[in-house]
């Protein structure tokens, strides 16, 4: 028995300009990059998963969770009927980002092996605090973006 999957209409996704605002970059910066765009009339919309991936990897001006919230809010305002589907897409992306405990423990074991004791204590505290990717806790993210 096949399950029907409801397609998310383009209007539920942010326009290129709205996505740029969510990411904290100029629209011209975003337009220069090869990202998936869905045309709807004259507007170009960018799928939520693509916006989140850009927030995670390329434009690190804002927290991924802030961008995720903005995406769901955008869908609620512009296409309330399908906002739940956008929220599911956002939730699925965020779930994939969560690092399993075994990976975290393996990373800490490697850190303990190779880092000076004082630095290891800081790393372990950062991992405990964030419960996320330990490397993200140790790498500073500036608010500036060389593409702007």
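Please determine, by comparing only the residues of region 1-20 that are modelled with pLDDT of 90 or more and out of contact with any helix residue (DSSP H, G or I) (no Cβ under 7 Å at 6 or more places or on another chain), which one is surrounded by the most Cβ atoms within 10 Å (Cβ to Cβ).
15
Here are some residues: 23, 52, 85. Which one is over 29 Å from residue 127 (Cβ atoms) and buried (at least 17 other Cβ atoms within 10 Å of the Cβ)?
One residue alone meets the criteria, 85.
Give the residue that is nearest to residue 19 (Cα to Cα), with candidates limited to residues of region 74-88 that are part of a helix (DSSP H, G or I) and either touching a residue at least 24 places away in the same chain (Cβ under 8 Å) or touching a strand residue (DSSP E or B) at 6+ places or on another chain (Cβ under 9 Å) (or both).
Going through region 74-88, the residues part of a helix (DSSP H, G or I) turn out to be 74-78, 80-88.
Then keep just the ones that are either touching a residue at least 24 places away in the same chain (Cβ under 8 Å) or touching a strand residue (DSSP E or B) at 6+ places or on another chain (Cβ under 9 Å) (or both); that gives 74-75, 78, 82-83, 85-86.
Numbers: 74: 10, 75: 12, 78: 13, 82: 18, 83: 16, 85: 18, 86: 14 Å.
Once the filter is applied, the top-ranked residue is 74.
Under 7 Å by Cβ, and 6 or more places apart or on different chains, what pairs join a residue from region 38-64 that is free of Cβ contacts under 8 Å to residues at least 12 places away in the same chain with one that is surrounded by fewer than 16 Cβ atoms within 10 Å (Cβ to Cβ)?
Between residues of region 38-64 that are free of Cβ contacts under 8 Å to residues at least 12 places away in the same chain and residues that are surrounded by fewer than 16 Cβ atoms within 10 Å (Cβ to Cβ), there is no close pair.
When residues of region 102-116 are filtered for being more than 15 Å from residue 128 (Cβ to Cβ) and assigned to a helix (DSSP H, G or I), how many remain? Steps first, answer last, please.
Within region 102-116, the first condition is being more than 15 Å from residue 128 (Cβ to Cβ), and the residues that meet it are 102, 106, 110, 113-116.
If we keep only those that are assigned to a helix (DSSP H, G or I) too, we end up with 102, 106, 110, 113-114.
The total comes to 5.
Among 30, 71, which is the only one that is within 12 Å of the chain's Cα centre (by Cα) and either modelled with pLDDT under 95 or part of a helix (DSSP H, G or I) (or both)?
Selected residue: 71, the only one of 30, 71 that is within 12 Å of the chain's Cα centre (by Cα) and either modelled with pLDDT under 95 or part of a helix (DSSP H, G or I) (or both).
Report the residue count in region 89-122 for those that are under 23 Å from the mean Cα position of the chain (by Cα), farther than 27 Å from residue 7 by Cβ and without any contact (Cβ under 8 Å) to a residue 24 or more places away in the chain.
Residues flagged as under 23 Å from the mean Cα position of the chain (by Cα), farther than 27 Å from residue 7 by Cβ and without any contact (Cβ under 8 Å) to a residue 24 or more places away in the chain within region 89-122 amount to 4.
Within region 57-68, track down each residue that is surrounded by fewer than 17 Cβ atoms within 10 Å (Cβ to Cβ) and either part of a helix (DSSP H, G or I) or in contact with a strand residue (DSSP E or B) (Cβ under 6 Å, 6 or more places away or on another chain) (or both).
57, 65, 66
The values are calculated or read from the model by the stated rules, or taken from the named source; none is laboratory data. Quick caveat: nothing in here was measured; it's all calculated off a predicted structure. Counting neighbours? That spans all protein chains shown, and the Cβs are built from the backbone with ideal geometry, glycine included.
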